[in-house]
Amino acid sequence: MITTRILPSALLDVRSPQRLLERNAMVYRRSWMVIFSGFFEPLFYLLSIRIGLSALVGDIEVGGKLIPYDEFVAPGLMAAAAMNGAVLESTMNVFHKWRQAKLYDSILATPMSAGDIAIGEIGFAVIRGLMYSTAFIFTMLALGMVKSAWIVMSVVACALIGFAFASIGMAWTTYMRSWADFEYVPAVTLPLFLFSATFYPLSSYGSWSWVVQLSPLYHGVVLVRASNLGEWSPSLVVHAGVLVGLSVVGMAVTASRIKTLLLK
Amino acid sequence: MPPPLITARSLVKRFGDLVAVDGIDVDVQPGEAFGFLGPNGAGKTSTMRMIGCVSPVSSGRLEIFGLDPAHEGRAIRSRIGVVPQLDQLDQELTVMENLVIYARYFDIPRAVAQSRAVELLDFVQLADRADDKVDPLSGGQKRRVSIARSLISEPELLLLDEPTTGLDPQARHLLWDRLHQLKERGATLVLTTHYMDEAEQLCDRLVVMDGGRIVAEGSPRALITEYATREVLEMRFGRGRNEERVDDVLGVGERVEVLPDRLLVYVADGESALAELHARSVIPESALVRRSSLEDVFLRLTGRTLVD
Amino acid sequence: MSTPAPLRVAYRDLALYRGFWKANFVAAFIQPMLYLLGIGLGVGELVDNGPDSAELLGGVSYFGFYSSALLATTAMFTSSQEALWPTMDGFQWSNAYRAMVSTPIEPRDVATGLTIYYAVRATVGAIGVAVVLALFGDTRSWGLIPAVPGAVLTGLAFAVPIAAWTSTRTTGDSFPAILRFGVLPMFLFSGAFYPIKQLPDWLEPVAWLTPLWHGVELCRGLVLGGLTSVELVGHIAALSGFVIVGWAICTITFRRRLQP
Ligand SMILES: Nc1ncnc2c1ncn2[C@@H]1O[C@H](COP(=O)(O)OP(=O)(O)O)[C@@H](O)[C@H]1O
Ligand SMILES: [Mg+2]
């Protein structure tokens, strides 16, 4: 019974969230280009940095080892791609389905519940992000940037990033009133993208490094980087814990907001 | 008599300070076509949403299939079909896909959903539009897709909120025809409307709602017999001059109602009443005798017209 | 004298813009600021400590090199997006342009009006970047003033041709692909982040053909100096070419769409 007090009832009543996946798959089957073109975004970034910036920057020291700049940046780009995919799907797309298409109103008239919708939509955003992460690993493999077989674990790390950002993103979207409010989304994701130890090591931030550690993306970047190098340490549990915690909060807020706003 | 499908006692819906539904009592029997007739803002949609388990009851008792919506919403919703006031079709999907995915929300296997969807599109005469997107369809066609969609789960109870509002006469008649067929097959229909002709056409029994309350209840015929006469004589004396002619027509019928543009005289025999007025040299600009309708019942009960 | 028709078209979109210009205006400062701190200073420190950077960048700091290009890249992104979904709204979802041409307004006035509107939006964005650049010593120069119209011209070189495409579409399904396969690669490979001579030899001439390269070279040259008059005229001519050809195509596609 403790769970019922911590989690809102809306999140406990979940039975068929996979129906939302089915519905979204039906839609994207016709506009697959939208999904497909997303594979290229991180790829282009990686290639550009490899071709140009690597020569300018030279090698960079991480944990006592010198590695080429593009190999340093790759995990950061992979984590950022997971974040961006999840945020895009859970903010703009959800807002359209909720406010304009009234999709959730019609779904709530069926046996589906608010929790089903929350988990289903968040799950879909995560899966979409995972497709990109997986493709990214193959790109790194093709470019000879993979350091360890543990790289497969970075898919798990990206799933955690996706969950955290999709959940928080969708929860935030339930508070949005108009499209103009979406101007603020990049105002949040852009600093996270730039300042999460993605483009240079935490040590470069000097005395500002504690700010970086407030970024949820930073915790994801650490996990992906550890996977790529196959270097495990107990502290990673804390980084994963932060992402799991955000996911649970976001999902709970989303489910209960759907319930209070649409079932009134 | 079997137990009612829907039972409401002192049912109330509040939105903050506003009381949308103000203590209504309703019983709907299986196989019945039951209507809520009332003007905009009467509380019809609020009532339907509570029955559809998408809006919590503020106070009073509500049971559907003998179940409590507060705790068994999912079970109730799996047994009802809903046609909402505004079509909420999935714009990103085709007509066929709309039906199939809706069936999936009810956990109906895909193959079953497919074959039912084909049958239902046939039933609503939209088989040829199966692979079109929803958006280009006309209002009446969208309404028929909504009805087909609501039937995909083979519901025991169908809720229709203003099924024909905004449709042209031809589209309305096609829709009425389909709903009649459903009635003949024994479906239980609950519908709302602010058209008296629709209520007369479709409902076995109805309640008249106004300001969140039920002001009358019965079959369309019984309500007309109770609250109106057999016929109505409508006369126009020209704008602004109707009021001053009331005295001239008094005594001809049982009751006179004054509307801004005409006088209504409630009588058993309209033609002879008109003849009598002619004899008294009361000559209106135009006169018309018609059968009385639920509109007259509503006017009698509230002093207002249904559609203004 | 009555208001010229294209201005009446621009008024409609500007009226919509009034609804959210505040959020947009703030973003116009914050976004370049973030890039300057994140990439210009952050990556700049790595680059300036790099082995061959001084030689590759021709003696300028990476901050100055990257930040001056930001004028052009920001204009490219905002203008391109403006020519996709919001423009689609006028053609398809709200149907405002169809309504306009049922008045004495001609499809070519719609094309010109939209161009004016894109220019206003791009100017707001470019001023935002220029003000931020003026805060830093490496990029503080009088050249920022002519660089603002340079950035606007770069934005139009994207917005106007893209609007021609948008006017032929009924859904936005192709828009993400335009951004990802057209705009993003230019952002990454047209000299904004590093000199294009670092590109593979076969790719370098391709970069010359992109409007962004001309925009970046123009803005960078104006802000940091060192632009010959031939280069100046060449870049302006190239960018204007994209705008003029785009506008000419718009007059045809708009007419087909609005008066079929
Ligand atoms: N979600 C809501 N929030 C606040 N007031 C509402 C809401 N839904 C309906 N109302 C109000 O409740 C009253 C009854 O509305 P409704 O049930 O929609 O009437 P009807 O369907 O008969 O036109 C109206 O005054 C309406 O404004
Ligand atoms: Mg209603």
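Quick rundown of the values:
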item	result
Within the range B:133-176, considering residues that are over 25 Å from residue B:32 (Cα atoms) and within 13 Å of chain A (Cβ to nearest Cβ), the one nearest to ligand 1 (Cβ to nearest atom)	B:142
Helices (runs of 4 or more DSSP H) enclosed by the range A:173-264 - at least 3 residues per element that are within 14 Å of chain C (Cβ to nearest Cβ) and either among the hydroxyl-bearing types (Ser, Thr, Tyr) or more than 25 Å from residue A:149 (Cβ to Cβ) (or both)	A:184-194, A:209-212
Subset of the range B:194-227 (residues that are small (Gly, Ala, Ser) and either without any contact (Cβ under 8 Å) to a residue 40 or more places away in the chain or part of a loop (DSSP other than H, G, I, E, B) (or both))	B:211, B:212, B:218, B:219, B:222
Test: residue A:19 is in a helix (DSSP H, G or I), basic (Lys, Arg) and either under 18 Å from residue A:84 (Cα atoms) or more than 9 Å from every other protein chain (Cβ to nearest Cβ) (or both)	no
Count - residues of the range B:143-171 that are within 16 Å of ligand 2 (Cβ to nearest atom) and part of a strand (DSSP E or B)	3
Some residue of the range B:183-201 being modelled with pLDDT of 90 or more, surrounded by fewer than 20 Cβ atoms within 10 Å (Cβ to Cβ) and touching a Lys or Arg at 6+ places or on another chain (Cβ under 9 Å)	no
Helices (runs of 4 or more DSSP H) wholly inside the range C:141-211 that include at least 1 residues being away from chain A (no Cβ under 14 Å)	C:144-166, C:204-208
Hits in the range B:1-16 (condition: more than 14 Å from ligand 1 (Cβ to nearest atom), part of a strand (DSSP E or B) and on the phi < 0 side of the Ramachandran plot)	B:6, B:7, B:8, B:9
Cβ pairs under 8 Å, 6+ apart, first in the range A:221-240 and charged (D, E, K, R), second at pLDDT below 95	A:225/A:75; A:225/A:76; A:231/A:63
Single match in B:31, B:23 (criterion: in contact with a helix residue (DSSP H, G or I) (Cβ under 9 Å, 6 or more places away or on another chain), at positive phi and away from ligand 2 (no atom under 16 Å from the Cβ))	B:31
Lone unmet requirement of (1) surrounded by fewer than 19 Cβ atoms within 10 Å (Cβ to Cβ); (2) within 14 Å of ligand 2 (Cβ to nearest atom) for residue B:55	(1)
Positions within the range B:123-142 being under 14 Å from residue B:182 (Cα atoms) and part of a helix (DSSP H, G or I), in sequence order	B:123
Residue count, the range C:53-89 (criterion: touching a Lys or Arg at 6+ places or on another chain (Cβ under 8 Å) and under 14 Å from residue C:162 (Cβ atoms))	4
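The values are calculated or read from the model by the stated rules, or taken from the named source; none is laboratory data. Treat the numbers as computed from the prediction; the structure is a model and nothing was measured. Cβ: placed from backbone, ideal geometry, glycine included. Neighbour counts: every protein chain shown.
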